[in-house]
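Visitor: I am attaching a structure below and will ask some questions about it afterwards.
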Amino acid sequence: MSVVCGCFEVTEETIREAVRNGATTVEAVGDKTQAGTGCGGCVGRIQEIIDEEAK
Ligand code: FES
């Protein structure tokens, strides 16, 4: 399983799960998983995952 957010070692699957459970913005994913709340370098990838899950 690939780590999307290296700052907090949050995996892609953890982020997808959060999105499926209602975290449909980068901010909401950050609240639930901490992903994106450190250096911010993974925010673009988090948005991509949100967009993919929205399809
Ligand atoms: S890699 Fe996600 S906040 Fe730094």
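Visitor: Can you pull out every residue in segment 1-12 that is open to solvent by less than 70 Å² (accessible area, probe 1.4 Å) and either without any contact (Cβ under 8 Å) to a residue 12 or more places away in the chain or over 17 Å from GLY40 (Cα atoms) (or both)?
Guide: SER2, THR11
Visitor: I'd like the full set of residues that are open to solvent by 70 Å² or more (accessible area, probe 1.4 Å) and of a type in the set (S, T, N, Q), limited to segment 13-33.
Guide: Hits for segment 13-33 are ASN21, THR24.
Visitor: Out of segment 29-55, which residues are part of a helix (DSSP H, G or I) and more than 15 Å from the ligand (Cβ to nearest atom)? Write out each step before concluding.
Guide: As a first pass, look at segment 29-55 and keep what is part of a helix (DSSP H, G or I): 29-33, 43-54.
Residues satisfying the conditions are ASP51, GLU52, GLU53, ALA54.
The values are calculated or read from the model by the stated rules, or taken from the named source; none is laboratory data. Nothing here was measured: the structure is a model prediction, and the numbers come from that model. A quick note on method: Cβ atoms are made from the backbone with ideal geometry, for glycine too, and the neighbour counts reach across all protein chains shown. Note: accessible area is taken over every heavy atom of the protein model, side chains too, but ligands, DNA and RNA are not part of it. Shrake-Rupley method; radii C 1.70, N 1.55, O 1.52, S 1.80 Å.
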